[in-house]
1. Would you say Gln204 is over 16 Å from the mean Cα position of the chain (by Cα), at pLDDT 95 or above, within 13 Å of ligand 1 (Cβ to nearest atom) and in a helix (DSSP H, G or I)?
2. Is at least one residue of the range 245-256 part of a helix (DSSP H, G or I), away from ligand 1 (no atom under 14 Å from the Cβ) and touching a residue at least 12 places away in the same chain (Cβ under 8 Å)?
3. Would you please name the residue that is surrounded by the fewest Cβ atoms within 10 Å (Cβ to Cβ), looking only at residues in the range 151-184 that are assigned to a helix (DSSP H, G or I), aliphatic (A, V, I, L, M) and within 16 Å of ligand 2 (Cβ to nearest atom)?
4. Could you check Ala243 against (1) under 23 Å from the mean Cα position of the chain (by Cα); (2) farther than 19 Å from Phe193 by Cα and say which number it fails?
5. Only one of Ala276, Ala261, Ala302 is of a type in the set (A, V, I, L, M, F, W, C) and away from ligand 1 (no atom under 13 Å from the Cβ). Can you tell me which?
6. When residues of the range 307-328 are filtered for being surrounded by 18 or more Cβ atoms within 10 Å (Cβ to Cβ) and hydrophobic (A, V, I, L, M, F, W, C), how many remain?
7. Looking at this structure, is Val250 in contact with a Cys (Cβ under 9 Å, 6 or more places away or on another chain) and over 17 Å from Leu60 (Cβ atoms)?
8. Can you list the strands (runs of 3 or more DSSP E) found entirely within the range 1-94 that contain at least 2 residues being of a type in the set (D, E, K, R) and touching a strand residue (DSSP E or B) at 6+ places or on another chain (Cβ under 9 Å)?
Amino acid sequence: MSLLVAGSIATDHLMSFPGRFSDSLVVDQLDKLSVSFLVEDLEVRRGGCAANICFGLGNLGLRPVLVGAVGEDFADYRAWLQRHNVDCDSVHVSETRHTARFVCTNDSAHAQIASFYAGAMSESREIELKPIVDRVGEPDYVIIGPDDPQGMLRHTEECRQRGYRFLADPSQQLAFGDGDLIRPLIDGAEILFSNEYEASLITQKTGWSAEEVLSRVGTWVVTLGPAGVRIDRQGEESVVVQAVPEIEKVEPTGVGDAFRAGFLAALSWGLGHERAAQLGCLLAVYVVEQVGTQEYEISRSAFLARCAATYGDEAVADFEPHLETIRP
Ligand SMILES: Nc1ncnc2c1ncn2[C@@H]1O[C@H](COP(=O)(O)OP(=O)(O)OP(=O)(O)O)[C@@H](O)[C@H]1O
Ligand SMILES: [Mg+2]
């Protein structure tokens with residue numbers, strides 16, 4: 001059995017400018033705009049939703065299969081993911097485009113100038129899941145995260161046709177897509193993931209009520225930031241799982257992806273949704289406490305101690321047997 005994680009693979013290049021952009025903009029000359037800011041700092045961070053989710057799963061001792069498209073420049077990133085137990089053998093390498101890149105400069109007033117280059121990501125529409133399944137075995141689950149929209153549609157359609165259980169995680173693409181894109185990405189999903197804001201986007205853009213969404217997916221998992229997560233199923237009471245209190249809030253980028261990794265790990269161990277949400281919250285809090293989405297490390301004893309403090313010893317007993325391969 002296998003876990004396929006489809007979605008974006010990208011690097012973020014983040015710079016900070018010590019002054020204010022607005023001091024260099026001449027309003028009546030904007031049609032000739034040409035400015036260059038001398039920045040102080042460049043940080044290159046590994047990211048992309050599918051890569052983040054795989055990193056989390058690998059940290060929990062699983063061996064997820066990354067499904068996405070990159071450029072020739074992926075070599076270092078590939079080595080990093082492989083060291084963290086991620087199967088990268090089915091990643092599609094573009095012959096002409098670079099790996100997707102987010103380039104962003106912030107100034108001292110928190111103004112931001114950013115660009116996202118999709119690059120090789122647009123080739124994820126060329127990926128067929130079947131040959132990957134032939135290599136790694138029938139998937140327990142296929143998670144379809146934000147990616148090239150045509151690629152997301154293709155993967156979802158293939159899952160429906162071949163009967164692979166799929167989890168829909170359209171996240172960032174909800175802002176971009178219209179109802180005609182979003183409806184087929186969700187319909188028939190075993191689980192739909194979103195945060196609260198995205199939940200409203202889903203109902204607004206699909207024109208489906210929350211009840212109708214629930215009639216089309218098995219379960220809707222809505223993350224609530226520091227308030228935890230809500231699990232909704234048609235005809236049942238919602239279940240709310242509290243978040244794990246953070247020791248220090250550093251930067252939340254990537255929490256949603258880590259949550260999904262924990263959730264998916266617990267599902268693949270055969271645990272129920274409430275436990276899955278707890279494991280998701282446990283992994284997510286590690287991301288809150290770090291700068292970057294793939295910078296955390298977990299050790300078994302500290303992880304289980306935190307688990308006990310928030311969710312009790314029964315949760316520890318359910319997780320512990322599956323965590324034997326991770327650092328003590
Ligand atoms: N401040 C926090 N402290 C502890 N846990 C948090 C905090 N913020 C988020 N989490 C955990 O992360 C999960 C996902 O958070 P959130 O709902 O903010 O996701 P998101 O909006 O998709 O984030 P992003 O897209 O930026 O990764 C929550 O369910 C919770 O378990
Ligand atoms: Mg998110």
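1. On the way: over 16 Å from the mean Cα position of the chain (by Cα): yes; at pLDDT 95 or above: yes; within 13 Å of ligand 1 (Cβ to nearest atom): no; in a helix (DSSP H, G or I): yes.
Taking the combined requirement at face value, the residue does not satisfy it.
2. Initial filter on the range 245-256 (part of a helix (DSSP H, G or I)): 255-256.
This time we only want the ones that are away from ligand 1 (no atom under 14 Å from the Cβ), so: none.
There is no residue in the range 245-256 that is part of a helix (DSSP H, G or I), away from ligand 1 (no atom under 14 Å from the Cβ) and touching a residue at least 12 places away in the same chain (Cβ under 8 Å).
3. Residues of the range 151-184 assigned to a helix (DSSP H, G or I): 151-162, 173-176, 179-184.
Filter once more, keeping what is aliphatic (A, V, I, L, M): 152-153, 174-175, 181-182.
When the remaining residues are screened for being within 16 Å of ligand 2 (Cβ to nearest atom), the result is 152, 174-175, 182.
Details: Met152: 26, Leu174: 24, Ala175: 12, Ile182: 24.
Out of the qualifying residues, it is Ala175.
4. Checking Ala243 against (1) under 23 Å from the mean Cα position of the chain (by Cα); (2) farther than 19 Å from Phe193 by Cα, the one that fails is (2).
5. On the way: Ala276 fails: away from ligand 1 (no atom under 13 Å from the Cβ); Ala261 fails: away from ligand 1 (no atom under 13 Å from the Cβ).
Criteria check complete, one pass: Ala302.
6. Looking only at that region, the number is 4.
7. Numbers: in contact with a Cys (Cβ under 9 Å, 6 or more places away or on another chain): no; over 17 Å from Leu60 (Cβ atoms): yes.
When the stated conditions are applied, Val250 does not pass them.
8. On the way: elements: 2-6, 10-16, 41-47, 65-67.
Filter on the range 1-94 gives 41-47.
The values are calculated or read from the model by the stated rules, or taken from the named source; none is laboratory data. Since we're looking at a predicted model, the values are computed, not measured. So basically every Cβ, Gly included, is an ideal-geometry build from the backbone, and we count neighbours across all protein chains shown.
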